[in-house]
1. So if I check each of Trp78, Trp12, which one is open to solvent by 20 Å² or more (accessible area, probe 1.4 Å) and at pLDDT 95 or above?
2. For the stretch 32-52, enumerate the residues that are more than 22 Å from Ser243 (Cβ to Cβ), modelled with pLDDT of 90 or more and open to solvent by 20 Å² or more (accessible area, probe 1.4 Å).
3. I want to confirm something. Restricting to the stretch 201-229 and keeping residues that are among the small types (Gly, Ala, Ser) and open to solvent by less than 40 Å² (accessible area, probe 1.4 Å), which single residue is modelled with the lowest pLDDT?
Amino acid sequence: MTETATDQPGRWKDRTPPDRAWKSKPGIDAAARVAEQDRAAGGQHRRAVDVGEGRFARASIALRLYQRTRRIRAYLRWSEGGRTRERYVGEVDGSTRSENLKQAWSAAWALELLTEEPVPAGSWASSREARAVMSANRSRDTVPELLLRKALHRRGLRYRVSARPLPELRRTADVVFTKARVAVFVDGCFWHGCPEHHRPATKQHSDFWRRKMEENRSRDTATNQALQEAGWTVIRIWEHEDSDEAAGRIAEVIWSRGR
């Protein structure tokens with residue numbers, strides 16, 4: 001972040017930032033936009049604006065390029081009382097849109113424009129994050145998986161979805177390249193202990209969540225070992241990773257094995 005809402009305007013950049021630093025990807029749908037904002041904010045539960053009387057609005061970040069100064073400015077937007085509200089949070093200077101969204105969300109928190117929604121009365125989840133993950137948990141076709149598959153398809157790669165790399169091994173990979181013998185797993189940050197986003201539970205059911213995460217990580221290690229011993233390459237992608245960047249890494253492995 002190069003400038004906050006209190007900085008003085010008027011500074012100029014030598015070059016206009018590239019479109020990828022602020023524009024959305026062509027053809028991105030509503031679900032992908034939501035996932036993009038969630039990843040940048042660190043989870044849906046971190047996108048709340050307190051609008052009073054116990055009510056909360058889900059915010060998003062808008063990036064705009066100002067041609068006169070050649071700078072990208074970030075705005076926090078949410079709906080309140082049927083009207084769209086907006087607050088300027090500062091300038092961003094990352095080389096990609098995902099980097100700039102992360103900068104903007106951090107700035108919005110620093111300006112105390114955001115809050116975390118409290119857990120509804122009667123819920124046994126220890127936090128909004130845990131409740132959101134439990135509610136949205138799916139065994140396949142999650143938003144991160146769909147985005148990754150689209151990015152792979154754009155690169156001309158074809159694959160099997162939600163398949164067992166080894167029929168005798170009860171392990172299902174999210175994307176499987178049978179000929180190249182490459183298995184791709186898209187791991188959820190909450191369930192698999194992402195070092196960047198996982199936060200250990202400190203309140204209700206903390207022992208349960210810790211055991212669950214440890215079991216998942218042990219299972220992941222065992223799966224990796226079994227597949228590698230059978231001659232497979234295992235690639236694990238965190239759900240928060242940029243789908244295009246992840247697809248690029250996977251494509252390099254597929255093409256190298258093809259050669």
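The values are calculated or read from the model by the stated rules, or taken from the named source; none is laboratory data. All values reported here derive from a predicted model rather than from experimental measurement. Virtual Cβ from ideal backbone geometry, glycine too; neighbours counted across all protein chains shown. For accessibility, only protein heavy atoms count, side chains too; no ligands or nucleic acids. Shrake-Rupley method; radii C 1.70, N 1.55, O 1.52, S 1.80 Å.
1. The match here is Trp78.
2. Passing the criteria: Asp50, Val51.
3. Ala201
Residues checked against (1) surrounded by fewer than 14 Cβ atoms within 10 Å (Cβ to Cβ); (2) under 16 Å from the mean Cα position of the chain (by Cα); (3) among the aromatic types (Phe, Trp, Tyr); (4) at pLDDT 95 or above:
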{"position": "Lys150", "(1), (2), (3), (4)": "no, yes, no, no"}
{"position": "Pro167", "(1), (2), (3), (4)": "yes, no, no, no"}
{"position": "Phe185", "(1), (2), (3), (4)": "no, yes, yes, yes"}
{"position": "Gly188", "(1), (2), (3), (4)": "no, yes, no, no"}
{"position": "Cys194", "(1), (2), (3), (4)": "no, yes, no, no"}
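Results for (1) without any contact (Cβ under 8 Å) to a residue 40 or more places away in the chain; (2) touching a strand residue (DSSP E or B) at 6+ places or on another chain (Cβ under 9 Å); (3) farther than 24 Å from Phe190 by Cβ, shown as yes or no for each residue.
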site: Gly54; (1), (2), (3): yes, no, yes
site: Arg58; (1), (2), (3): yes, yes, no
site: Ile61; (1), (2), (3): no, yes, no
site: Tyr66; (1), (2), (3): yes, yes, yes
site: Gly90; (1), (2), (3): no, yes, yes
site: Ser95; (1), (2), (3): no, no, yes
site: Asn100; (1), (2), (3): no, yes, yes
site: Trp105; (1), (2), (3): no, yes, no
site: Leu113; (1), (2), (3): no, yes, yes
